[in-house]
Protein chains: 2
Amino acid sequence: MPCPAQESRPAPPKKIIPKAPIGLTVDIMVDCKNIMSRRAKEMKASEIRELLKLTQKPGIISFAGGLPNPKAFPVDATRKIINELLDDSCEKVLQYGATEGIRPLRDALAAHMRDRGIKVDRKNILITHGSQQALDLISKVFLDPGDTVIVGSPTYLGATGAFRAFQADMKTVTVGDKGMDMDELDKKLEELIRLDCRPKFIYVVPTFQNPSGVTIPAENRKRLLEIADKYDMMIVEDSPYSYLRYEGEAMPHIMSLDKDGHVLRMQTFSKILAPGFRIAWVTGPEDIINQLVIAKQSSDLCTNPFGQYVAYKYVSEGTLYEHIDYIKELYNRKRLTMLDAMEQYFPKEVKWNRPEGGMFVWAILPEYVNTREMFPKAIEKNVAYVVGDAFFVEDEGYNTMRLNFTHSSEEEIVEGIKRLAKVIQHEIDENKGEKIEESIITP
Amino acid sequence: MPCPAQESRPAPPKKIIPKAPIGLTVDIMVDCKNIMSRRAKEMKASEIRELLKLTQKPGIISFAGGLPNPKAFPVDATRKIINELLDDSCEKVLQYGATEGIRPLRDALAAHMRDRGIKVDRKNILITHGSQQALDLISKVFLDPGDTVIVGSPTYLGATGAFRAFQADMKTVTVGDKGMDMDELDKKLEELIRLDCRPKFIYVVPTFQNPSGVTIPAENRKRLLEIADKYDMMIVEDSPYSYLRYEGEAMPHIMSLDKDGHVLRMQTFSKILAPGFRIAWVTGPEDIINQLVIAKQSSDLCTNPFGQYVAYKYVSEGTLYEHIDYIKELYNRKRLTMLDAMEQYFPKEVKWNRPEGGMFVWAILPEYVNTREMFPKAIEKNVAYVVGDAFFVEDEGYNTMRLNFTHSSEEEIVEGIKRLAKVIQHEIDENKGEKIEESIITP
């Protein structure tokens, strides 16, 4: 059925090659450095992005990126949804939309979140171009140059990139087996407030953290809220992976435990539908959402309505839940394959966690191994990872690495881990010797 | 044909309703005002956006918004392109993409621009979420609080919103029948530089400006470049409407006349394909584009690849050129209908221009008529426009209005202009009398 708006449309005219307007060619060259903003001078290109360029060579098995597996994309459902949308609603799906996001998607997400213990309606929800945009808007609305923000050590580097772009002063709290260390957080906040450096918010990825894969246990989530309450501070709960739990018990969302509107929660369709539409949502107190909407107006007017309508149909028709189960099964096999292969092939000096969900395993090498120095050697052996220090605000983590298990096939995972094990073994053998030698010379 | 990545995918499991995790409900309420950034305190909701809410009532004929007509959306071509993409390239179109934009689209746009006299390659092009995002990124990269920017009076309010969000100090130059007044610009720049307030850039919408519909003539485009060269200053050339010329001779793009890399040029698919994908592009010197790419990384990682691939196919398969001719024919009829109706029905005290392209007619009412005060009366009579003062940085333009002719049908245009003519006539009659009375009392 044609779209109603198209019915009276005549056949398009035959193709005409347009005339180029009058114009001269232009040599493009200018020195822009001297007119750049202070923030731009501080921005740096994403480390992962630069390293990922090296992983483009043929034959490489990459555990670097953080990409979903294309097999996890619901292509048939998407095709069906899109054809229906173009038949029935082309006027809406191809038009501009409201800055807040399209109403049916916000209503559907609010209902979805109410099912999960979070009492919200559409006024509490803003649709964004990926959770990255929520980080950008939160920074835009809350951060003046020099303002303090609490982040984990390690933490997601897209977040530190967003905060840095708004010239934040990031203070770190150790992330261990149970996520952010709550005693350290409490102490640090007390100290910062005494020094009149009250942080604007605490940023956490509480469930299957990127990069470390760790999850904050329920009692620590309550503790985090108590601390936020004690110091009257916002929590930014970035939760892209919470649907992807492969074992263990589901944790309550921090927002679902909150009674006082301390939490802004970010979720995304990138990991449960596909990243290609860049649809995510941020949930929070209505007055903060309103401020984020005003900031988004001047940032990009609205999130692409086409992708929003696809996401809406995907949520409202129940396809989402079926599909999440499928993805979990697919990714769990890959996770177990990687963990088994690491067990079998990795040198005994290497430690790693067993994430209950998400997309990453975090490995800690002996402290005399520098994963950044090792990186080109791994590339030479056709295997890639992300150097762990990229996830630390301060100079640390040089002996760590992040391994993604969702993008490669199971065969590639086994072969890639074998290759990486050899590279690591070689590095251990070389540096262990040197280290001992050094310590003999300089006691 | 199924997508290769899907071939080995098993049938999805049957629908399972997920269990809600443990959770309490939450009353969302917090006072965020005291932790907002200085910039957020200065931001204000778009005036148009607030006024547009009033135009949602049934039966209204709205010349307010700046929406393309849904009949201008190439639905059949889009459906065909999308089905091909999902069959052949689902791995790419549904996945994350590079921050710069997908390579084939950047290559195709570079070729397209070379055909139009602008010597660039893909390194000079960044794909953005609408031209609004380009304005945001340009502000992010160039503007520190208090930095000066030159804008027209009137000018596009999305631009002033973006600059205001980065705390720019906007200085205005009169926009007349020939666009920005070049003598005034020259004088103002000299004065500002003498006062040590060197502007970061000059922002212009040179062709069928939003809101005024005016176009800068060729000789003034050269003059603008000479002025930019004289003061060594960037020009931001925002050009969403240049494809939509219905009469008169095409003007050279400012960028095509530039020899020294002074120009950043913004273009969009919103007016020539559909706004629903939010795909636009900014062209400029490579080092500036690189800076904008770094800023975009932390803003939203990448523009939605799905929409980018649709735009790529649309450009590369030649559908674009055919379709632009179709849109031009459609919109020109609407333009002529509006101009004829204004001629026939509007009171003789009202002046307006005859735009050669674009989407808007700009009307100037007698100075004793305030279009903001008149607005609720128009809404009452079921017709809407945008109050002109929203497009001025300083307090002026209270007797002006912007009329969009692309979104309504021809019948609606005639009826809407009739209604508006009556509202204006009534306002003239009322205020003219009062004005005279007043001037008798207070000479």
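So the values come out like this:
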read-out: Amide H partners (placed H, <5 Å) of A:Trp352, local residues excluded; value: A:Ile364
read-out: Listed residue (A:Thr155, A:Leu192, A:Val173) projecting farthest to the positive dipole end of segment A:83-198, Cβ model; value: A:Leu192
read-out: Paired Rg and Dmax values of the protein assembly as shown, which use every Cα atom, in angstrom; value: 28.4, 103
read-out: Helix B:130-142 axis, angle to chain B major axis (alpha carbon atoms, nearest 10°); value: 90 degrees
read-out: Chain B: angle of helix B:75-88 to the longest principal axis, Cα-based, in degrees nearest 10; value: 20 degrees
read-out: Computed [θ] at 222 nm, helices only, for chain B once each DSSP H run of length n ≥ 4 contributes -39500 (n - 2.57); value: -13500 deg cm²/dmol
read-out: Modelled FRET efficiency - R0 41 Å, B:Glu42 with A:Gln425, Cβ distances, 0.05 increments; value: 0.10
read-out: A:Ser409, A:Ser139 arranged by Cβ crowding within 10 Å, fewest neighbours leading; value: A:Ser409, A:Ser139
read-out: Residues with amide H under 5 Å from that of B:Val383, placed H, sequence gap 5 or more; value: B:Ile61
read-out: Average other protein chain Cβ within 10 Å of Cβ, residues A:262-268; value: 1
read-out: Cα-centre dipole for the protein assembly as shown with unit charges at Cβ (Lys and Arg positive, Asp and Glu negative), debye to 20; value: 1540 debye
read-out: Sequence ranges A:102-109, B:124-131, B:316-323, ranked by mean other-Cβ count within 10 angstrom, highest first; value: B:124-131, A:102-109, B:316-323
read-out: Under 15 Å from the Cα of A:Lys328 - aspartates and glutamates, other chains or at least 8 residues apart; value: A:Glu247, A:Glu249, A:Glu356, A:Glu410
read-out: Reachable lysines, given that their alpha-carbon falls under 22 Å from the alpha-carbon of B:Lys230 and they are not under 8 places away in the same chain; value: A:Lys33, B:Lys171, B:Lys178, B:Lys187, B:Lys188, B:Lys200, B:Lys222, B:Lys259
read-out: Aspartates and glutamates whose Cα lies under 13 Å from that of B:Lys119, excluding same-chain neighbours fewer than 8 positions away; value: A:Asp27, B:Asp107, B:Asp258, B:Asp260, B:Glu286
read-out: Centre separation in Å (Cα based) which lies between segment A:225-252 and segment B:176-233; value: 51 Å
read-out: In degrees, nearest ten, helix A:371-380 long axis to first principal axis of chain A (Cα); value: 70 degrees
read-out: Average partner coverage of A:68-80, which counts Cβ from other chains inside 10 Å; value: 6
read-out: Gyration tensor (alpha-carbon) shape descriptor, segment B:207-315, a/c threshold 1.5; value: oblate
read-out: Segment A:Glu226-A:Lys80, extension gain: residue separation times 0.36 nm, minus the distance between their alpha carbons; value: 47.9 nm
read-out: Per-pair calculated FRET efficiency, R0 = 56 Å: A:Tyr321 and B:Glu249 via Cβ, rounded to 0.05; value: 0.45
read-out: Those residues of segment A:137-163 whose amide nitrogen sits under 15 Å from the label point placed on A:Leu195, 7 Å along Cα→Cβ; value: A:146-151
read-out: Percent RCO, i.e. relative contact order, over segment A:92-319, from Cα pairs under 8 Å lying at least 6 residues apart; value: 29 percent
read-out: Cβ charges +1 (Lys, Arg) and -1 (Asp, Glu), total dipole of segment B:96-317, debye; value: 580 debye
read-out: Rh by Kirkwood over Cα pairs, then Stokes-Einstein D for chain B at 0.692 mPa s and 37 °C, µm²/s; value: 137 µm²/s
read-out: Extreme residue, positive dipole direction of chain A, given options A:Val387, A:Ile216, A:Leu135 (C-beta unit charges); value: A:Leu135
read-out: Euclidean distance between Cα centres, segment B:339-365 to segment A:119-154, Å; value: 44 Å
read-out: Per-residue average of Cβ from other chains inside 10 Å of B:129-142; value: 5
read-out: Sequence ranges A:265-273, A:253-261, B:338-346, ranked by mean other-Cβ count within 10 angstrom, highest first; value: A:265-273, A:253-261, B:338-346
read-out: Average Cα contact separation per residue, chain B, under 8 Å, 6 or more apart, as relative contact order %; value: 21 percent
read-out: Net charge contributed by nearby residues that have their C-beta within less than 15 Å of B:Glu190 (K/R +1, D/E -1); value: -2
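The numbers here are math on the coordinates, done by the rules we state, and not lab data. Computed from a prediction, not measured in an experiment: that's the story for all the values here. For neighbour counting, all protein chains shown are included, and Cβ atoms are generated from backbone atoms with ideal geometry for every residue, glycine included.
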